[in-house]
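The structure appears right after this line, and notes come after that.
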Amino acid sequence: MSDLNDPRVLFAAERTLLAWNRTSLTLMAFGFVIERFGLFVHMLSPQKGEALQRNASFWIGLAFIVLGALAAAAAVAQYRTVLRTLKTVEIPEGYRANLGVLANLAVATLGVALTVYLFVHGPG
């Protein structure tokens, strides 16, 4: 439990949550680029007639996307743990402390949806 009675504790926790949000978005974007790199390599290959296979770039890209979604969800859990330790005086009146949580949950949900989409529709 915090004994500082200072709203800056909440804002520091929220900045950390949003930093994790950026990290999870970056991981998912990097994963998508890696996943699509296999398609790019296939387009440049001389064997145009062969079917596109799920190669290492597909699985590594999917792993990065899942890692990003998990990071967003874990950040929400960590932030909620911090919020429970704060006193009422540390949260400014009328301040919506859960908007960052909603953003992270949206990122996690969209990451899972992207993973499912890429898995179902394959690399091409």
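The values are calculated or read from the model by the stated rules, or taken from the named source; none is laboratory data. Everything quoted here is computed from the prediction, not taken from an experiment. Because the Cβ atoms are built from the backbone with ideal geometry, glycine has one as well, and the counts that use them run over all protein chains shown.
Of the residues examined, Val120 is not one that is surrounded by fewer than 19 Cβ atoms within 10 Å (Cβ to Cβ), under 19 Å from the mean Cα position of the chain (by Cα), farther than 29 Å from Arg8 by Cβ and not aromatic (Phe, Trp, Tyr). Flag set for Leu114, criterion: out of contact with any strand residue (DSSP E or B) (no Cβ under 6 Å at 6 or more places or on another chain), among the aliphatic types (A, V, I, L, M) and surrounded by 16 or more Cβ atoms within 10 Å (Cβ to Cβ). One residue stands out among those in the stretch 82-97 that are of a type outside the set (Val, Ile, Thr) and assigned to a helix (DSSP H, G or I): the one that is nearest to Thr16 (Cα to Cα), which is Leu83. When restricted to residues that are at pLDDT below 85 and either of a type outside the set (A, V, I, L, M, F, W, C) or part of a loop (DSSP other than H, G, I, E, B) (or both), the stretch 27-43 contains 2.
Rundown of residues vs (1) surrounded by fewer than 19 Cβ atoms within 10 Å (Cβ to Cβ); (2) over 16 Å from the mean Cα position of the chain (by Cα); (3) modelled with pLDDT under 95; (4) on the phi < 0 side of the Ramachandran plot, yes/no style:
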{"site": "Phe11", "(1), (2), (3), (4)": "yes, yes, yes, yes"}
{"site": "Ala19", "(1), (2), (3), (4)": "yes, no, no, yes"}
{"site": "Leu25", "(1), (2), (3), (4)": "yes, no, no, yes"}
{"site": "Ser45", "(1), (2), (3), (4)": "yes, yes, yes, yes"}
{"site": "Ile65", "(1), (2), (3), (4)": "no, no, no, yes"}
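Scan the stretch 87-96 for residues that are out of contact with any helix residue (DSSP H, G or I) (no Cβ under 6 Å at 6 or more places or on another chain) and either touching a residue at least 40 places away in the same chain (Cβ under 8 Å) or β-branched (Val, Ile, Thr) (or both) and the total you get is 5. In the condition set (1) modelled with pLDDT under 90; (2) touching a Ser or Thr at 6+ places or on another chain (Cβ under 8 Å), Ala69 is compliant with all but (1). Just one of (1) touching a residue at least 24 places away in the same chain (Cβ under 8 Å); (2) part of a helix (DSSP H, G or I) fails for Trp59. It is (1).
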